[in-house]
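Notes to accompany the following structure.
Only the coordinates and a few stated rules stand behind these numbers; no lab work does. Computed from a predicted structure; not experimentally measured. Because the Cβ atoms are built from the backbone with ideal geometry, glycine has one as well, and the counts that use them run over all protein chains shown.
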Amino acid sequence: MSFDRNAQIRQGMRDSLTVVIGAAPFGLLFGALAVDNGMSVSEAVLMSATMYAGASQMVGLDLFGTHAAPWLIVFSIFAVNFRHILYSATIGPKIAGFSVAQKTIAFFFLVDPQFAEAERRSEQGKSISFAWYMGMALPFYFSWICETALGALFGNLISDPHALGMDFLLPIYFLALVMGFRRRRNWFPVVIASGLASIAAYYIIGSPWHVSVGALFGIAFAAILAGQGQLPPQEATEQGVENV
Amino acid sequence: MFDSGSSVVWIILAGALATYATRVGGHLVLSRFQHIPRRVMAALDAVPAAVLASLVAPAIVSQGWAEALTLAIAAVAALRFNMAGVLLVGAASIITLRALLG
């Protein structure tokens with residue numbers, strides 16, 4: 001039993017290797033941009049250790065700089081993490097064998113690559129054990145925290161972030177994320193509706209309201225375009241996993 | 001280690017709770033439904049793209065030519081490259097264009 005468990009942990013760690021390497025630049029980038037946006041090294045590390053969600057951590061950084069109301073920052077983080085609701089609903093039945101305590105822990109680590117690897121394993125007909133799940137999750141989690149700290153310490157040494165374009169890396173990052181969703185249904189009309197509404201709100205009401213107003217327009221437009229009818233949850237989730 | 005009066009720490013902790021809520025919420029709430037209305041599903045599906053597009057859109061028109069051109073170049077680069085590639089192209093573009101256009 002314990003031999004089997006060790007083998008499962010080792011397999012999970014092997015499966016985590018590619019995503020650990022792939023995510024390293026983003027952990028470093030997050031740390032560097034965090035101090036560039038006025039956070040301390042320990043605040044950046046706290047964010048990585050407790051939120052543990054790359055894209056929404058970047059959104060949080062961006063809004064800290066605009067002096068947005070705290071509830072609006074938290075709400076935007078929630079909105080960007082919304083996709084996890086679908087992951088969570090999909091993965092739930094596959095980890096039905098976990099104890100309640102194990103599930104409580106496992107859901108904390110349900111980041112995009114964790115979901116993708118668990119789905120892949122499940123599709124190969126292999127069961128998802130807690131040992132495999134944590135073998136996959138922990139190396140990714142701890143490397144993310146270490147990269148944040150390294151990036152933040154390194155970011156403190158950069159004297160002219162403007163000349164290096166560092167203040168503009170967040171918009172580029174967000175744009176790349178938007179482009180990554182382009183195969184979703186009605187992506188183009190949603191992005192155009194959100195973008196135009198956001199720009200209008202930016203000039204009429206002012207920052208940071210453009211975020212909520214733009215998002216609401218895009219979401220409402222998506223609902224209008226969808227038409228009526230019902231979908232089973234399973235099918236709804238199979239619209240693809242993005243590497244966010 | 002932390003300034004306990006700092007709102008940044010509290011916002012981070014609230015953000016962490018909100019994030020955990022999304023990760024556990026689908027299992028606790030969404031999986032209880034047999035069927036989800038198509039409009040609700042489409043709205044949920046659109047949330048991330050709508051939020052992120054709203055975040056980036058003002059940067060296209062509010063900053064300058066170097067920034068607007070960089071976003072156009074990055075959008076095209078995103079058709080070909082992964083995230084790391086897009087960031088490299090974007091960084092090269094903003095550094096060059098800011099140096100050229102002032």
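Structure summary
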read-out: Test item: A:201-210 mean partner chain Cβ contacts at 10 Å; value: 2
read-out: Relative packing of peptides A:29-36, B:20-27, A:12-19 - highest average C-beta neighbours within 10 Å first; value: A:29-36, B:20-27, A:12-19
read-out: Mean Kyte hydropathy of 1.0 or more with a Cα span along the axis of at least 27 Å, helices from DSSP in chain A; value: A:130-155
read-out: Partner chain coverage, peptide A:138-144 - average Cβ within 10 angstrom; value: 0
read-out: Length-normalised contact order for chain A - Cα pairs under 8 Å, 6+ apart - percent; value: 30
read-out: Label point distance in nm, B:Ser62-B:Leu88, each placed 7 Å from Cα along Cα→Cβ; value: 3.1
read-out: Under 5 Å, built H, 5+ apart or other chain: amide partners of B:Ile36; value: A:Leu231
read-out: Residue order, fewest to most beta carbons within 10 Å, for A:Thr66, A:Thr50; value: A:Thr66, A:Thr50
read-out: Fewest-first ranking of B:Ile11, B:Ile60, A:Ile91, using other Cβ atoms within 10 Å as the exposure measure; value: B:Ile60, B:Ile11, A:Ile91
read-out: Within 10 Å of each Cβ in A:163-169, the average number of Cβ atoms from other chains; value: 6
read-out: Spin-label pair A:His67/B:Leu17, simplified geometry with 7 Å Cα→Cβ offset, distance in nm; value: 2.6
